[in-house]
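Structure record follows, encoded as structure tokens.
The values are calculated or read from the model by the stated rules, or taken from the named source; none is laboratory data. Every value quoted in this text rests on a predicted model; they were computed, and no experiment measured them. As a convention, Cβ positions derive from the backbone with ideal geometry for all residues, glycine included, and neighbour counts pool all protein chains shown. Surface areas here come from the heavy atoms of the whole protein model, side chains and all, with no ligands, DNA or RNA. Shrake-Rupley method; radii C 1.70, N 1.55, O 1.52, S 1.80 Å.
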Amino acid sequence: MAHPLPRSVTIHPAARLQGRIRVPGDKSISHRALMLSAIAIGESRIEGLLEGEDVLATAAAMRAMGATISRGDDAIWRVHGVGVGGLLQPATALDMGNSGTSTRLLMGLVASHPITVTFTGDASLSGRPMNRVIAPLGLMGADITASPGGRLPLMVRGLCPAIPITYTLPVASAQVKSAVLLAGLNAPGITRVVEPVATRDHSERMLAGFGAQLTVEQSETGRVISIEGEANLKPQSITVPGDPSSAAFWMVAATIVPGSDVVIENVGLNATRAGLVTALRLMGADIEEQDARTVGGEPVADLRVRHATLRGIDVPHDLAPSMIDEYPALFVAASFAQGRTIARGADELRVKESDRIAVMLAALTANGVSCEEHEDGLTITGTGGEPIAGGATIASNLDHRIAMSMVVAGLHAQKAITIDDASPIATSFPNFFDLLQTLGGDATWG
Ligand code: S3P
């Protein structure tokens, strides 16, 4: 995928943040909305789709495999699907850019179709582990040839009919769960995934919404999701709620910058995603839920967040799956808390778009924050609310969430913080800097 040139940005300390903002559509839900619409028969409509690079990579891939996808001037996306089993052989390799979700979920879809697809990606995605999906999809009969270490570029030769399996997840991963369920859609019989630890459940909700025969039961070994194959999906009208992982940066920003009072509208609060709200409240954050409602089958509210002095906590390990993408933002919040925050039990952070433990350790330490590294997280001693020293340039490492977290840190620092390359933010949050300006923040481009 064409990616904008690297652009450095310098963040100036903010007096206070004020105003109302609306974050873009949920990334996880947007990917799934496009994929399922593309394999339903007939026209689906998607409102509020995240128009970030990752989701556009999914749209391009579904087009390359036969779906007709267009965006109207009304910002509604219309998708004509090809039906389960109807995906076509793409003419070229699929370039997934920076997007792990597109890659792993699409590997699942392709695995049970009689097509052969090569997946490529940028340097970050090409370093990420794919054996976690290669293993179960191999059991279902797909023939996958990967680069050394189970990395991209890789080629999936699907098998049709595929073999339905029962698979217990060895890592808590919604992407692996979803890959197996999507492969199961076109396998004869029942495919089961057992997840010992519950992860985000957007795939289950949306598959059921499209008419798949899917059940969820709780067993002694965990949550068991069963899907009946050779499914017939019916087109849907979907409204995508705002992304809690994007709202996270503004929750932390409004909390740490003295005098702030911010309303973030339309934030998805699915319990499998809302761990950061719980953690910040345990630290003493002032987050008020207004106008709680349901959007697109997901719980949503407007969040009013006011500045508060935080105290350090031992972050409960069982929150990890529901805030796995929010640790970089949490590390920033902890940098301003009174005392020590111990955030462990999150070893998956090592294999995200970057090694988020090592990269945040380097970025925060360079800006005067006291951090200690663990294999599975960080212990951070905060300032008690005073600005951090700042003054350093940090490397975003092709990771949108590192870049956005360090923008937030820069809003309450003695000296400006520079991010070497803010362009990865376009993968998930194209209007991030517009919202910063709306709230009164100040950034200068290098
Ligand atoms: C996602 C699942 C999570 C998350 C990622 C999106 C999804 O990844 O970190 O940003 O949409 O299923 P893992 O499945 O690797 O935990």
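Work through the residues other than Gly52 whose Cβ is under 10 Å from its Cβ and net out their charges, Lys, Arg +1 and Asp, Glu -1. Could you put the intermediate results ahead of the total?
Working: positive: Lys27; negative: Glu51, Glu53, Asp54, Asp243.
Computed value for this residue: -3.
Which order do the peptides 374-385, 29-40, 275-286 take when ranked by the mean count of other beta-carbon atoms within 10 Å per residue, highest first? Could you put the intermediate results ahead of the total?
On the way: 374-385: 18.2, 29-40: 27.5, 275-286: 20.3.
My ranking of the peptides, most packed first, is 29-40, 275-286, 374-385.
Taking just the alpha-carbon atoms of the chain, what radius of gyration and Dmax come out, in angstrom?
21.2, 61
Assuming R0 = 51 Å, can you tell me the calculated FRET efficiency for the pair Thr438 and Glu348, based on Cβ-Cβ distance, to the nearest 0.05?
0.95
In terms of the ratio Rg/(2.2 N^0.38 Å) built on C-alpha atoms, what value belongs to region 252-352? Intermediate values should be presented prior to the final figure.
Details: Rg = 13.6 Å, N = 101, 2.2 N^0.38 = 12.7 Å.
Working it through for region 252-352, the quotient is 1.07.
Efficiency by 1/(1 + (r/R0)^6): what FRET value for Thr393 and Arg78, r their Cβ-Cβ distance, R0 = 60 Å, to the nearest 0.05?
On the way: r = 44 Å, r/R0 = 0.73.
Efficiency at R0 = 60 Å is approximately 0.85.
Under a 5 Å amide H to amide H cut-off, with H placed in plane at 1.01 Å, what residues pair with Thr239 once short-range neighbours are removed?
For Thr239, whose amide H was placed from the backbone, the distant partners under 5 Å are Glu47, Gly296.
Counting pairs on different chains as well as pairs 8 or more places apart, how many Lys pairs in the chain have Cα atoms under 27 Å apart? It would help to have the intermediate numbers written out before the result.
Values: Lys27/Lys177; Lys27/Lys234; Lys27/Lys352; Lys177/Lys234; Lys177/Lys352.
Final tally of qualifying lysine pairs is 5.
Would you kindly state how much longer the chain becomes between Arg311 and Arg71 on full extension, computed as 0.36 nm times their sequence separation minus their alpha carbon distance, in nm to one decimal?
Working: separation 240, 0.36 × 240 = 86.40 nm, distance 4.57 nm.
Once the chain is fully extended between Arg311 and Arg71, it gains 81.8 nm.
In sequence order, what are the phi-derived ³J(HN,Hα) couplings for region 289-300 according to the Karplus relation 6.51 cos²θ - 1.76 cosθ + 1.60 with θ = phi - 60°, rounded to whole Hz, with x for glycine and proline?
Rounded to whole hertz, the list is 8, 10, 6, 4, 7, 10, 10, x, x, 10, x, 9.
Amide H to amide H under 5 Å from Ile144: which residues, 5+ apart in sequence or cross-chain, H placed 1.01 Å off N in plane?
Residues meeting the criterion, in which the H sits 1.01 Å from N, are Arg157.
Take every Cα-Cα pair in region 374-413 and report what % of them are more than 12 Å apart.
I get 68 percent for the Cα pairs in region 374-413 exceeding 12 Å.
Taking H placed 1.01 Å from N in the peptide plane, check which residues at least 5 places from Ser112 or on another chain put their amide H under 5 Å from its amide H.
Result for Ser112 returns Leu159.
Do me a favour and compute the ellipsoid semi-axes for region 296-446 from its Cα gyration tensor, root of five times each eigenvalue, largest one first, whole Å.
On the way: eigenvalues 90, 76, 60 Å².
Equivalent-ellipsoid dimensions as semi-axes: 21, 20, 17 Å.
Semi-axes of the equivalent ellipsoid of region 27-228: what are they in whole Å, largest first, if each equals the square root of 5 times a C-alpha gyration tensor eigenvalue? Please list the in-between numbers first.
Working: eigenvalues 108, 82, 53 Å².
Over the Cα atoms of region 27-228, the ellipsoid semi-axes are 23, 20, 16 Å.
Taking the Cα centre of region 27-228 as origin and charging only Cβ (+1 Lys, Arg; -1 Asp, Glu), how large is the dipole, in debye to the nearest 20?
Working: 16 positive and 16 negative charges, 61 e Å.
Approximately 300 debye in magnitude.
Quick check: residue separation of Val171 and Asp291 times 0.36 nm, minus the Cα distance between them. What number comes out in nm?
Working: separation 120, 0.36 × 120 = 43.20 nm, distance 3.57 nm.
Taking 0.36 nm per residue and subtracting the Cα distance, the gain is 39.6 nm.
Taking the simple approach of a point 7 Å from Cα along Cα-to-Cβ for both Gln18 and Gln218, what is their distance in nm?
Those two pseudo-labels are separated by 4.6 nm.
Rounded to the nearest percent, how much of the accessible area of the chain (1.4 Å probe, protein heavy atoms only) is carbon and sulfur?
Numbers: 7810 of 15400 Å².
It is 51 percent, rounded to a whole number.
Could you work out the relative contact order of region 27-228, using alpha carbon pairs under 8 angstrom and six or more residues apart, expressed as a whole percent?
On the way: 447 pairs, mean separation 33.9, N = 202.
With pairs under 8 Å counted, the relative contact order is 17 percent.
Inverting the mean 1/r over all pairs of different Cα atoms, compute the Kirkwood radius of region 59-104 and quote it in Å. Let's see the in-between values first.
On the way: mean 1/r = 0.0845 Å⁻¹.
Here the Kirkwood hydrodynamic radius works out to 11.8 Å.
Restricting to the chain, compute how many DSSP beta bridges are antiparallel as a %, nearest 5. Spell out each step's value before the answer.
Details: 62 of 82 bridges.
Of all bridge pairs located within the chain, approximately 75 percent are antiparallel.
Please label the shape of region 188-276 as rounded, prolate or oblate, based on the square roots a ≥ b ≥ c of the eigenvalues of the alpha-carbon gyration tensor (a/c under 1.5 means rounded; beyond that, a/b larger than b/c means prolate, else oblate).
On the way: a/c = 5.05, a/b = 1.96, b/c = 2.57.
It is oblate, given that a/c is not under 1.5 and a/b is not larger than b/c.
State, as an integer percentage, the relative contact order of region 184-277 based on alpha-carbon contacts under 8 Å between residues 6 or more apart.
Working: 115 pairs, mean separation 27.6, N = 94.
For region 184-277, the relative contact order is 29 percent.
Using θ = phi - 60° and the Karplus relation 6.51 cos²θ - 1.76 cosθ + 1.60, list the HN-Hα couplings for region 59-68 in order, rounded to whole Hz, with x at every Gly or Pro.
Per residue, the Karplus-derived 3J(HN,Hα) values read 4, 5, 5, 5, 5, 5, 9, x, 6, 9 Hz.
What FRET efficiency do you get for Arg151 and Glu373 if R0 is 25 Å and r is their Cβ-Cβ distance, rounded to the nearest 0.05?
Details: r = 25 Å, r/R0 = 0.98.
Taking R0 as 25 Å, the efficiency between Arg151 and Glu373 is 0.50.
Would you kindly derive the ³J(HN,Hα) couplings of region 135-142 from the backbone phi angles with the Karplus curve 6.51 cos²θ - 1.76 cosθ + 1.60 (θ = phi - 60°), listing them in order in whole Hz, with x for Gly and Pro?
Calculated HN-Hα couplings, in order: 4, x, 5, x, 4, 7, x, 6 Hz.
Tell me, how many Å apart are the Cα centres for region 171-210 and for region 110-156?
What the calculation gives is 18 Å, centre to centre.
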